[in-house]
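Inspection log for the structure reproduced underneath, given as structure tokens.
The values are calculated or read from the model by the stated rules, or taken from the named source; none is laboratory data. Note that the structure is predicted; figures quoted are calculated from it, not measured. Don't worry about glycine lacking a Cβ; one is built from the backbone with ideal geometry, like all the others, and counts go over all protein chains shown.
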Amino acid sequence: MSSDPTSLAGKEFPLRGRFATVVVGAGEAGITAALAAAEAGQSVLLVDEHPLDPGLMGMDIPWLFGGRLDAAVQNQARMEERIVAARPGLEAAMSAGVEVALGTSAWGGFLRSASSRALAGPMLGLADRRSAWLVGFERIVVATGARDVVVPLPGWTLPGVMGARGFDAALRLYGAFAGQRIAVLGGGVLAAGVAAAARAAGIGIAAEICAAAPLRIEGAVEVEGIAWQEGGAWRQAACDTVVMAIDTVPNLELPDLLGCPIRWDPARGGFVPEAMPGVQVVGDAAGTAPMARAGWMAAALAEPHAVVCACEEVLAGDLRALRPPRYLGAEGPEAGLAALGPLNQDQVKRLTRAGMGACQGRRCRDAVHALVSAERVAPHASHRAPLRPLPLSVLAALEEDPALRANWTGWFGIAAQWLPHWEPVPEHPEFIGGRLTAEDAGK
Amino acid sequence: MIVIVGGGVTGLSTAFWLSRQGHPVTVVEKGILGWEASGRNGGGCTHPYSPLFREEQRLWPMMDEMLGHPTEWRPFRIKVALDEGQLDRLWKSTRLATDQGFAAEALDRAQLRELCPWVGPAAIGGIFWRYGGHANPQRTSQAYAWAVERQGGRILQHTTVTGLRLAGGRAVAVETSAGEIGCDAVVLAAGPHTAQLAERFGHRIPVAPARAEIMVTEPLPLLAHGGIDGNGLYGRQTLRGNLAYGGGPHEWLDLDGDATPRAVNTPVVASLARRLAEMFPGAAHARVIRSWGGIIENTPDGRPILDRLTDPDNVVVATMSSVGFGLSPASGRAIAQLVAQGACDFADLSQLKAARFGNLPLDWRARQGWEALPL
Ligand SMILES: Cc1cc2nc3c(=O)[nH]c(=O)nc-3n(C[C@H](O)[C@H](O)[C@H](O)COP(=O)(O)OP(=O)(O)OC[C@H]3O[C@@H](n4cnc5c(N)ncnc54)[C@H](O)[C@@H]3O)c2cc1C
């Protein structure tokens, strides 16, 4: 019997190339993996989203940039040159035959699975600033590195607050850091690295705050200084930038989307992905340094007014009260979060909107997780395609199978569903409910 | 004790209406409330082909107050047509409602653009439905649940129903992963799992699972009426301003025992974006920030099965066949009546009995082309 024409069965997804190996992320780990695969005679595609669309930098994607990048980032060609200069391994990879695509983000990974049987094979969704496309692959190496952790300290949403990864990228990858005097938060190697890089670049260091303490980032419209408690007294320092170098976490968006098991492993940063047949995770994406944020998070989240989710304006107190978003003007259940039973971050997201905003939850994901894990470690919140916020017009440019368009239907295409259900289903010789004609299917 | 199997909107609404009348209820959900189709759908509340339509329309405006928590329900739908064919089909389905006394108005392009500035020159016109509406699925599911608890009902999450214990032509207990629960009546509202649960006590309730996808953009300025769709898409602007739209190809699946299949996304999300950009060229710059999938329950004719069985005679089977969110205030009330008084007094459910599938061939899914592809 022929398959349901309005289903995904038999539809194709046109590919712009197939590769034995695709590597996502052209940092050290990614370049090494790409070179090794090319030297083994494989066809290799190496993609990296940098240089980013400045619009995405403004949304703190993928790192917390905090608006401290200068106008140079507007010039894509110049940024590409800087990236090639900052990562000399790229030239070697190209000469070894690796196809390198810069300014190209991986927004989706699609595998054939029990839930996606109609897919012919593994596909990666890619996009630049103009359009989206798909490539096929046999093996994928995820080398997407680490992501900045935001601790929702008072004032963190001010322009001028950035993460360690964001700072490093602004300074060394883009050469476009716009600050002059920084305060560094964090007591580990991450913070030490930020301070050293700043010194080497001749950037002033106003303060280094190593341990969680009562603290305030100050400024009217952007960072002007920082105030913190030390030995019972408040101290203050003027600065234009605060670098949160407290912690990073593995950037496991793509492994999660591909269906890799995700495990809680604080010794490697928090949630870490496991490999799967055909999916390898290397470098920081597979695990970072031991988790160092717990004390900072606990202190920040104890403050009910802490802005946890900036996109959707959800405060720590709103989360604990499970308060619906402000536009509804309603209270949460009396029991607050306890009204839900065992907590799940995705469920809390749908009810409070924390993590539902335009930054795709990158800035609040770890803080929300800490808050809902007060009693037991909550499961990992899911990642969904597109992994980068892509304009409708960019996604719309993906090449589409004409058969998919010809058989498009709003909902299942069963004729009897759209006729009065208080009347018997009309007899249909072939299919019980009858099929809408292609002409009628558009409903 | 009335035990309700499944904590989706169908089961939760049933529990809401039963507990409201003082009946003791326990809802048993294998995972999280509203976690499956009930919390992942398009939020549409406009089903003129259902005998429950009138009740759906009557109840939604009262639900926030009755439930005590906001559902984000808003009235009306606006339909956009990009060609004569689309407009024609829209009028066909409009007549289903206007024949029942509901009002609708034709919109020309200028009127459409006044209601929605993103509509482009490709739109030839539209229809304003002065009926129907839309609500927030997860918030609604949760609101039912909290109302049930407030009314004295009990809700068990992370508890799987494995079967029924029958004696003397009745269900006397519901068997779960956490032990037996004695019962006077049972409602089977387990969505796509309804079929395999019914099979365990010898009943054939044909339901096939399918996966469908939705995508959502960042928030845009609020329209006066967010329930606007067309061009082969269903969906809405949320009260926060996001554009959330679904449609297009679904995929037939198999269940994984008691587990619900992973509701993954595919590159179909790009096709959704394409159709949304065609319908709203003025919003083509809006960034898509997320997508999701859901697993849908489907009967062979695309219509619900709402039926009180005769043997065992204290079991009601309730599956909505892919249009169960919007109808849930009404379906729950109808199911509660089937449980408490054996019949529904406000709608004609005579065509929604399981017996209509009495002669269904065993290989019906294959015949319909609804089988899951081999893995
Ligand atoms: C993408 C999408 C868009 C949709 N759009 C719309 C729309 O716009 N308007 C509309 O009206 N409808 C829409 N629908 C359909 C609608 O969501 C469903 O018809 C409705 O949610 C069905 O509700 P339910 O409670 O019957 O089933 P479900 O929501 O599937 O709930 C059944 C519950 O039973 C539980 N369960 C299963 N087996 C067991 C067991 N053994 N023990 C305990 N618990 C069990 C499941 O975990 C599940 O939570 C859409 C669906 C999807 C997926």
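If we scan the range B:329-336, do we find a residue that is surrounded by fewer than 23 Cβ atoms within 10 Å (Cβ to Cβ), more than 16 Å from the chain's Cα centre (by Cα) and either more than 9 Å from chain A (Cβ to nearest Cβ) or free of Cβ contacts under 8 Å to residues at least 12 places away in the same chain (or both)? The answer is no; no qualifying residue exists. Annotation note: of B:301, B:307, the sole residue that is at the interface with chain A (Cβ under 7 Å from one of its Cβ atoms), in contact with a helix residue (DSSP H, G or I) (Cβ under 6 Å, 6 or more places away or on another chain) and closer than 29 Å to residue B:166 by Cβ is B:301. Taken over the range B:269-289, the criterion of being at the interface with chain A (Cβ under 7 Å from one of its Cβ atoms) and in a helix (DSSP H, G or I) is satisfied by B:269, B:270, B:271, B:273, B:274, B:276, B:277, B:283.
Residue pairs whose Cβ atoms lie under 6 Å apart, sitting 6 or more positions apart in sequence or on different chains, and linking a residue in the range B:30-51 that is basic (Lys, Arg) to a partner that is within 6 Å of the ligand (Cβ to nearest atom), are B:30/B:160; B:40/B:294.
Of all residues being within 16 Å of the ligand (Cβ to nearest atom) and surrounded by fewer than 22 Cβ atoms within 10 Å (Cβ to Cβ) in the range B:87-130, which is modelled with the highest pLDDT? Just the residue, please.
So the first thing to find is which residues in the range B:87-130 are within 16 Å of the ligand (Cβ to nearest atom), and the list is B:93, B:96-97, B:129.
Now drop any that are not surrounded by fewer than 22 Cβ atoms within 10 Å (Cβ to Cβ), which leaves B:93, B:96.
Numbers: B:93: 92, B:96: 96.
Restricting to residues being within 16 Å of the ligand (Cβ to nearest atom) and surrounded by fewer than 22 Cβ atoms within 10 Å (Cβ to Cβ), the top hit is B:96.
Conditions (1) within 13 Å of chain A (Cβ to nearest Cβ); (2) within 13 Å of the ligand (Cβ to nearest atom); (3) basic (Lys, Arg), marked per residue:
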residue: B:20; (1), (2), (3): no, no, yes
residue: B:25; (1), (2), (3): no, no, no
residue: B:31; (1), (2), (3): yes, yes, no
residue: B:50; (1), (2), (3): yes, yes, no
residue: B:59; (1), (2), (3): no, no, no
residue: B:65; (1), (2), (3): yes, no, no
residue: B:70; (1), (2), (3): yes, no, no
residue: B:79; (1), (2), (3): yes, no, yes
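Filtered by the rule that a residue be surrounded by fewer than 24 Cβ atoms within 10 Å (Cβ to Cβ) and facing chain A (nearest Cβ under 7 Å), the range B:253-262 gives B:256, B:261, B:262. Residues of the range B:176-192 that are assigned to a strand (DSSP E or B) and on the phi < 0 side of the Ramachandran plot: B:176, B:180, B:181, B:182, B:185, B:186, B:187, B:188. Is there a residue in the range A:327-340 that is facing chain B (nearest Cβ under 7 Å), in contact with a helix residue (DSSP H, G or I) (Cβ under 6 Å, 6 or more places away or on another chain) and under 15 Å from residue B:143 (Cα atoms)? Within the range A:327-340, one or more residues are facing chain B (nearest Cβ under 7 Å), in contact with a helix residue (DSSP H, G or I) (Cβ under 6 Å, 6 or more places away or on another chain) and under 15 Å from residue B:143 (Cα atoms). Residue A:331 satisfies every condition listed in (1) under 19 Å from the mean Cα position of the chain (by Cα); (2) under 22 Å from residue B:74 (Cβ atoms) except (1). Taken as a whole, the condition of being of a type in the set (Gly, Ala, Ser), over 22 Å from the mean Cα position of the chain (by Cα) and more than 26 Å from residue B:87 (Cα to Cα) does not apply to residue B:293.
Within the range A:383-415, being outside any helix (DSSP H, G or I), closer than 30 Å to residue B:363 by Cβ and within 8 Å of chain B (Cβ to nearest Cβ) holds for A:407, A:408, A:409, A:410, A:411, A:412, A:414.
Output the residues belonging to the range B:35-48 that are more than 7 Å from the ligand (Cβ to nearest atom) and in a loop (DSSP other than H, G, I, E, B). The answer is B:46, B:48.
Taking the criterion of being part of a loop (DSSP other than H, G, I, E, B) and more than 14 Å from the chain's Cα centre (by Cα), the residues of the range B:50-71 that qualify are B:51, B:68, B:69, B:70, B:71. Residues satisfying the criterion are absent from the range A:416-425 (criterion: away from the ligand (no atom under 16 Å from the Cβ), in contact with a Phe, Trp or Tyr (Cβ under 7 Å, 6 or more places away or on another chain) and more than 8 Å from chain B (Cβ to nearest Cβ)).
Yes/no matrix, rows are residues, columns are (1) within 16 Å of the ligand (Cβ to nearest atom); (2) of a type outside the set (A, V, I, L, M):
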{"site": "B:309", "(1), (2)": "no, no"}
{"site": "B:319", "(1), (2)": "yes, yes"}
{"site": "B:324", "(1), (2)": "yes, yes"}
{"site": "B:330", "(1), (2)": "yes, no"}
{"site": "B:335", "(1), (2)": "yes, no"}
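Within the range A:93-107, the residues that satisfy the criterion of being in contact (Cβ under 8 Å) with a residue 60 or more places away in the chain and farther than 22 Å from residue A:389 by Cα are A:93, A:96, A:98, A:99, A:100. Within the range B:214-243, restricting attention to residues that are assigned to a strand (DSSP E or B) and more than 10 Å from the ligand (Cβ to nearest atom), the residue that is nearest to residue A:116 (Cα to Cα) is B:215. Exactly one residue among B:236, B:211, B:240 is at the interface with chain A (Cβ under 8 Å from one of its Cβ atoms) and buried (at least 24 other Cβ atoms within 10 Å of the Cβ), and that residue is B:211.
How about the range B:310-328: which of its residues are closer than 22 Å to residue B:132 by Cβ, more than 7 Å from every other protein chain (Cβ to nearest Cβ) and of a type outside the set (A, V, I, L, M, F, W, C)? Once the filter is applied, which keeps residues that are closer than 22 Å to residue B:132 by Cβ, more than 7 Å from every other protein chain (Cβ to nearest Cβ) and of a type outside the set (A, V, I, L, M, F, W, C), the range B:310-328 yields B:321, B:324, B:326, B:328. When the residues of the range B:157-201 are filtered to those that are of a type outside the set (Val, Ile, Thr) and within 14 Å of chain A (Cβ to nearest Cβ), which remaining residue is nearest to the ligand (Cβ to nearest atom)? Filtering first and then ranking leaves B:192. One residue stands out among those in the range A:148-172 that are of a type in the set (D, E, K, R) and in a helix (DSSP H, G or I): the one that is surrounded by the fewest Cβ atoms within 10 Å (Cβ to Cβ), which is A:172. Given the structure, is residue A:336 at positive phi and more than 24 Å from the chain's Cα centre (by Cα)? Yes, satisfied. Scanning the range B:337-375 for residues that are of a type in the set (Phe, Trp, Tyr) and either without any contact (Cβ under 8 Å) to a residue 24 or more places away in the chain or buried (at least 18 other Cβ atoms within 10 Å of the Cβ) (or both) yields a total of 1.
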